[in-house]
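What follows is one structure encoded as structure tokens, with my remarks underneath.
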Amino acid sequence: MYSRGDQIIHPRYGAGTIVGKRKMTYQGKMRNYHIVELVGDRGEVMIPVEAATGMNIRPAIEDLSILEEVFSAPPSVLSDDYRSRQATIQKQIQTREPEAMAQALRDLFWREQTDKLTSVELKMKSSLMKMLSHEIAVICADLTVEQANSQLTQMLYRIVQEPSESPPEEGAEAL
């Protein structure tokens, strides 16, 4: 399924590039492994080839257009009830899908500009920034994780400076 040079997102280890394959014996059984070099000089991980599809590994986004599209859409108004708000954001994070994570980050960022975030929401925002920055860094080989984080932050500030329209009323879904 995956081959050398593919950029992937591992649900636990994050973004990386497949740099090769290796055969190894584990528990008396010969197995093939993908060797994945993680972004940000975080080392390598080995993923069993036969288990890669069942591990929720996905290809990295191809370019920044999906993030730009999500960030250009008006933010959704999050519930005033922090439990409901956090549950909504957590569901988006758990999908590990770039569009859902970008929407969650956009909405948290917008709320932070207009209201306060709880400590849990600040951690969620930080986690989303980290995951998306790593994904940007893996697809833009000339960027470090720090530069990718800076680029992501700039993209977010643009939504506050140039909002396409004000957020919809609570309960209304942004298109």
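The values are calculated or read from the model by the stated rules, or taken from the named source; none is laboratory data. The model shown is predicted, which means the values in this text are computed figures rather than measured ones. Reconstructed Cβ throughout: ideal geometry from the backbone, glycine too, with neighbour counts over all protein chains shown. Ligands, DNA and RNA are stripped out before the accessible areas are found, and what is left, the full protein with its side chains, is counted by its heavy atoms. Shrake-Rupley method; radii C 1.70, N 1.55, O 1.52, S 1.80 Å.
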**Asked** Once you put a point 7 Å from the Cα of Asn32 and another 7 Å from the Cα of Glu69, both along the Cβ direction, what distance in nm separates them?
**Response** 3.3 nm
**Request:** Measure nothing fancy, just the Cα-based angle from helix 82-95's long axis to the longest principal axis of the chain, in degrees from 0 to 90, nearest 10.
**Result:** 30 degrees
**Item:** the chain, helix-only ellipticity at 222 nm - DSSP H runs n ≥ 4, -39,500 (n - 2.57), divided by all residues, nearest 500
**Value:** -14500 deg cm²/dmol
**Message:** Give me the base-10 log of I(q)/I(0) for the chain at each q in 0.14, 0.19, 0.20 Å⁻¹, Debye formula, one uniform scatterer per Cα, rounded to two decimals.
**Reply:** -0.77, -1.19, -1.28
**Complete:** Restricting to lysines and to Cα separations under 20 Å from Lys125, and discarding same-chain partners fewer than 8 apart, the set is Lys91, Lys116
**Message:** Students often get this wrong: which residues of segment 56-81 have the backbone nitrogen under 12 Å from the point 7 angstrom along Cα-to-C-beta of Lys130?
**Reply:** none
**Complete:** Counting only protein heavy atoms with a 1.4 Å probe and every protein chain in place, the carbon and sulfur fraction of the accessible surface of the chain in whole percent equals 47 percent
**Prompt:** Tilt of helix 145-161 relative to the longest C-alpha principal axis of the chain, in degrees (0 to 90, nearest 10)?
**Reply:** 20 degrees
